[in-house]
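Q: Okay, handing you the structure first.
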Amino acid sequence: MQDRSKVKNDEITMLVVVSACAHLGVLEVGRWIHAYIDRNRMRTSLNLEIVLVNMYVKCGDVEISSLLFRGMKEKDVRVWSVMISGLAIHGLGKEALGLFYEMESIGINPDFVTLTAVLSACSHSGLVNEGLKLLDRMQIDYLVEPTIEHYDCIVDLLGRAGRLKEALGLIQRIPLKPNVALWGALLVACRVHKDVDMGEKVAKEMFELDPHHAGAHVFLSNVYASYKRWELVEEVRNSMKDQKVRKHPGSSLIELGGIVHEFVTGDSSHPDSQKIYLMLDEFRRIRRMKEHQSFSGQMLFDIEEEEDKEACLSQHSEKLAVAFGLIKTKPGFQLRIVKNLRICEDCHSLMKMVSEFFKHNVIVRNRSRFHHFRNGDCSCKEHW
Ligand SMILES: [Zn+2]
Ligand SMILES: [Zn+2]
């Protein structure tokens, strides 16, 4: 019989390692660890099964995570939440909602996390009525008091659908004090739907709560630039300098042959840098040829997740990562990229072109969701 403390230690090690793979989005390493667990006939506890399901979800393999989930003998509310949230971030909103109802039908009560997952599924897939219905049912049927996170999903849901006034009404009506993230969800919607007046008001609300908020500053600066009010642009830029507003640098990871390569925007430190930049030139040539619409004149910033346009749009980290992936692999290969910020519209359009022209499937993980690019299309259907 194995020493019980050793078994316990092995399990803790595996929990940590599998969770790290999920965090980094390294599927090949994750698969290897899973095979190691099977090969050594390690006992898989419920906790280990949950982190494995989560690892496959976060590494972009939702099919395998579904298979593992279906094969589990015992399931608690945590793993249902992981799977619902997994389907949501892969843009499979209807499937996520279906799973939620299945869970309900077998008598498992959703908790705070499950409800956040299912509301975000509605939001990512534009299921407005379903989301609003669930919010209404939360207190009565599930005995869960809505929190800022739940309202955040609903503001996002209404905002994506262009129902900005309703979203604003909700923020003003809720019994909780709105935080900067909640206003931020509305600001993103104002940007997408080009409601400059409301966006300006929302940005000011955000400054009240966080005078250093980078996303709100950049939004205002872009709005004023679109009016050609350069003196106001200057004012916002100066205020950013005075307040030392810091923006996160964009970075992307790509895993090839079990090795993780990291790129930051404008990076030229990689040994294959020369080839990568030649590939970027090739992208430009193909795009011109295909007359792909360039979005560089539009507002490319997103709330607290923006890339700096001045840092050169054409060298965003995910472009460098995909160029490197193309150099190193054959057509038909699946390239998986993990990005720390939101993908901008220009990179999104480039990935579609890559999936069509080079015949590679590309999966990009953002901070909040996955984009599966195939044959010139994306699974997000432009909802992101
Ligand atoms: Zn970009
Ligand atoms: Zn997409």
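The values are calculated or read from the model by the stated rules, or taken from the named source; none is laboratory data. Bear in mind that the values here come from a model prediction, so they are computed numbers and not experimental data. Glycine also receives a Cβ, built like all others from the backbone with ideal geometry; neighbour counts cover every protein chain displayed. Ligands, DNA and RNA are excluded from the accessible area calculation, which covers all protein heavy atoms including side chains. Shrake-Rupley method; radii C 1.70, N 1.55, O 1.52, S 1.80 Å.
Q: Within the set of pairs 6+ apart or on separate chains, which have a first residue in region 124-141 that is under 16 Å from CYS380 (Cα atoms) and open to solvent by 20 Å² or more (accessible area, probe 1.4 Å), a second that is among the polar types (S, T, N, Q) and not in a helix (DSSP H, G or I), and C-beta atoms under 8 Å apart?
A: none
Q: Still on this structure: Is there a residue in region 106-120 that is under 25 Å from ALA216 (Cβ atoms), open to solvent by 20 Å² or more (accessible area, probe 1.4 Å) and of a type outside the set (Asp, Glu)?
A: Yes, the conditions are met somewhere in region 106-120.
Q: Among the residues that make up region 287-302, is at least one of them modelled with pLDDT of 85 or more, assigned to a loop (DSSP other than H, G, I, E, B) and within 24 Å of the chain's Cα centre (by Cα)?
A: Within region 287-302, not a single residue is modelled with pLDDT of 85 or more, assigned to a loop (DSSP other than H, G, I, E, B) and within 24 Å of the chain's Cα centre (by Cα).
Q: Right, something else. Checking the condition charged (D, E, K, R), touching a residue at least 24 places away in the same chain (Cβ under 8 Å) and open to solvent by 70 Å² or more (accessible area, probe 1.4 Å), which residue from ARG43, ARG31 passes?
A: ARG43
Q: Could you list, in sequence order, all residues of region 365-377 that are in contact (Cβ under 8 Å) with a residue 24 or more places away in the chain and either away from ligand 1 (no atom under 16 Å from the Cβ) or touching a helix residue (DSSP H, G or I) at 6+ places or on another chain (Cβ under 6 Å) (or both)?
A: Correct list: ARG369, PHE370, HIS372, GLY376, ASP377.
Q: A further question on this structure: For the subset of region 196-232 comprising residues that are outside any helix (DSSP H, G or I) and not charged (D, E, K, R), which member is surrounded by the fewest Cβ atoms within 10 Å (Cβ to Cβ)?
A: Step by step, filter region 196-232, then rank; the result is TYR227.
Q: Being of a type outside the set (Lys, Arg), free of Cβ contacts under 8 Å to residues at least 60 places away in the same chain, crowded, with 23+ Cβ neighbours inside 10 Å and away from ligand 2 (no atom under 16 Å from the Cβ) narrows it down to one residue among ILE84, ILE64; which is it?
A: After ruling out the rest, the residue left standing is ILE84.
Q: Follow-up question, since we're still on this one. Could you say which residue among GLU95, GLU11, GLU28, GLU49 is touching a helix residue (DSSP H, G or I) at 6+ places or on another chain (Cβ under 8 Å), charged (D, E, K, R) and modelled with pLDDT under 95?
A: Only one candidate qualifies: GLU11.
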